[in-house]
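The values are calculated or read from the model by the stated rules, or taken from the named source; none is laboratory data. Keep in mind that what you see is a predicted model, and the values were worked out from it rather than measured. Glycine also receives a Cβ, built like all others from the backbone with ideal geometry; neighbour counts cover every protein chain displayed.
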Amino acid sequence: MNYQDEVYDARSAQANDELKDSFETAHVGRVVEVYYNTHRGRLSVRDAKTKKVFAHTHMVYLENVSFTVQPAGRDKVRRTNRKNVHAWVRGTVGELWRGQGYSSYKDWLYSTDRTPSIIPPTKVTYNPYKYDSFVTADEEVKVNKAHCAMVYGTGHIEIK
């Protein structure tokens, strides 16, 4: 176990809440905003209308995705050198197995018949100290919307 895993385990134990994942059917179809929670070391998922956090997870699959950065919050982070919630990914929660390239829930469960991805996913990143918005990791091109996205608790975002 490396240092990062130890920190992750310590944060998870400290959070002391029940983990809820996006493959639960209760959340599928719900419009949400997802952001990385630095205190819990995983993603916070909040309702787009009420802004109330209803789940914490390690990964979530979203469809009809838009990327939002609040300029005032970004400027405050740059000015004070302290992080705050000012950037998130908004979209409709989809089945996790579909986001990982499987053709059905049963195939995902038994790890068979993985559908090959014709187009490799594009990695997206955001750093308030370097960028004004979400950008592609390789070419640093601004990203506003995407058809679908896998958001991981490690901070990685993959879009198609």
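Computed values, structure above
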item: Within region 54-88, tally of residues that are farther than 19 Å from Glu158 by Cα and of a type in the set (Gly, Ala, Ser); result: 3
item: Leading residue by the ranking (farthest from Tyr36 (Cα to Cα)) among those in region 57-98 that are free of Cβ contacts under 8 Å to residues at least 40 places away in the same chain and polar (S, T, N, Q); result: Thr80
item: Single match in Gly41, Gly29 (criterion: buried (at least 19 other Cβ atoms within 10 Å of the Cβ) and modelled with pLDDT under 95); result: Gly41
item: Residue count for region 119-136, restricted to those that are surrounded by 14 or more Cβ atoms within 10 Å (Cβ to Cβ) and either over 16 Å from Gln70 (Cβ atoms) or touching a Ser or Thr at 6+ places or on another chain (Cβ under 6 Å) (or both); result: 6
